[in-house]
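Single-structure report; data block below.
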Amino acid sequence: MKLTTILTDQSALLALKNHVYDPENVLETNWSSSTHVCNWFRVSCGSKHHRVTALNLSGLELVGTLPPSLGNLSFLSLLSITNNSFHGRLPVQLSNLRRLKHLSFGNNSFSGEIPSWLGSLTELRSFFLDHNNLKGVIPFSLGNLSKLEILTLSGNQLSGSIPSSIFNMSSLQKMDLSNNMLSGSIPSVSHDLLSIEFINFKFNNLTGHLSKDMFDHFPNLKELLLGVNMLSGRIPMSLFKCKKLQMLSLAFNQMEGSLPVEIGNLSMLQTVLIARNHFEGNHTYY
């Protein structure tokens, strides 16, 4: 049975090899059935089950699509193909990778929509899908990823509103949705997110006011980047409860009112970008 299962992994990887153009012949010279799959280049196996647990093909200049058989790597916990030229859609068979903790597909040319089945990969800790050609909306199901710590979807063509479920991810530390075409208002938050330190929604088409109590729930926030949108209204006073805030970017919006003097209480604040709004009064920069 062990021989059969490791052969399943080998077959899946050979299918991947046959799906890509490999200009440096890295896979051609290092992935051969004459050597054990656990000794293949950029492949790691677990000591317990002797199955493939990690596949890191980042930065190998590979061109091609992902074969459905990649979903047969059932013990995989890390899959990284960042900085290549993979294209096409993400095969639904990847939803079988229920042990996956780290998924990194950034800087490729994937197209289509972000599939809703990604919300079923509930062991995910980090998820990078930035700088591709993805369109459509952010699926509501991503809110099911309660163990997710890093979510990066920047540099795509995503549209629609930010789903309210996005703040259900209680372990989230970093969220980057910048450089898309997201619209609507930033959803309200109903519970504390003690882990979140970095929020980047820059370069979108977000509108509306920031809810008054939003920042009551982000006590450990260090960077808030909301520049180059169409946000309006006043800066919520709750923002000044974020005592660990180091960078605040609200530039190029339509915000109004005066800059509260309480900003001076943020002793760790290093950078404040508020230009090109409708703020009034004389401001002292801290």
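Some points to look at:
- Listed pairs Lys174/Lys241; Lys101/Lys202; Lys202/Lys222 exceeding 23 Å between Cα atoms: Lys101/Lys202
- Spin-label model, Asp213 to Arg98: label points 7 Å out along the Cα-to-beta-carbon direction sit 3.8 nm apart.
- Pairs of Cα atoms nearer than 8 Å and 6+ residues apart set the relative contact order; for segment 118-172 it is 42 percent.
- Between segment 145-179 and segment 1-57, the Cα center-to-center distance that results, in Å: 31
- Length gained when the stretch Asn18-Asp192 is fully extended (0.36 nm per residue, less Cα-Cα span): 57.9 nm
- Between 0 and 90°, nearest 10: helix 2-19 axis offset from the chain longest Cα axis: 70
- Helix-only CD estimate at 222 nm, as mean residue ellipticity for the chain, using -39500 (n - 2.57) per DSSP H run (n ≥ 4): -2500 deg cm²/dmol
- Relative contact order (percent, whole number), the chain, Cα cutoff 8 Å, 6+ residue spacing: 8
- Extension gain (nm, one decimal) between His278 and Glu256, 0.36 nm per residue minus Cα-Cα: 7.5 nm
- For the chain, the Cys residues with no second cysteine's beta carbon closer than 4.7 Å are Cys242.
- Share of carbon and sulfur in the accessible heavy-atom surface of the chain [1.4 Å probe, %]: 49
- Solvent-accessible area per residue in segment 6-273 equals 42 Å², computed with a 1.4 angstrom probe and all protein chains kept.
- Residue-by-residue Karplus 3J(HN,Hα) for segment 263-271, coefficients 6.51, -1.76, 1.60, Hz, glycine and proline x: 4, x, 7, 7, 5, 9, 5, 10, 9
- Across segment 1-70, the mean sequence separation of Cα contacts (distance under 8 Å, 6 or more residues apart), normalised by length, yields a relative contact order of 40 percent.
- Counted residue by residue at 0.36 nm each, then reduced by the alpha carbon distance between them, the extension gain from Asn265 to Met181 reaches 26.8 nm.
- For segment 6-273, the spread of Cα positions along each principal axis, largest first, Å: 70, 34, 30
The values are calculated or read from the model by the stated rules, or taken from the named source; none is laboratory data. Source: prediction; values computed, not measured. Because the Cβ atoms are built from the backbone with ideal geometry, glycine has one as well, and the counts that use them run over all protein chains shown. Keep in mind that these areas ignore ligands, DNA and RNA; they rest on the heavy atoms of the full protein, side chains included. Shrake-Rupley method; radii C 1.70, N 1.55, O 1.52, S 1.80 Å.
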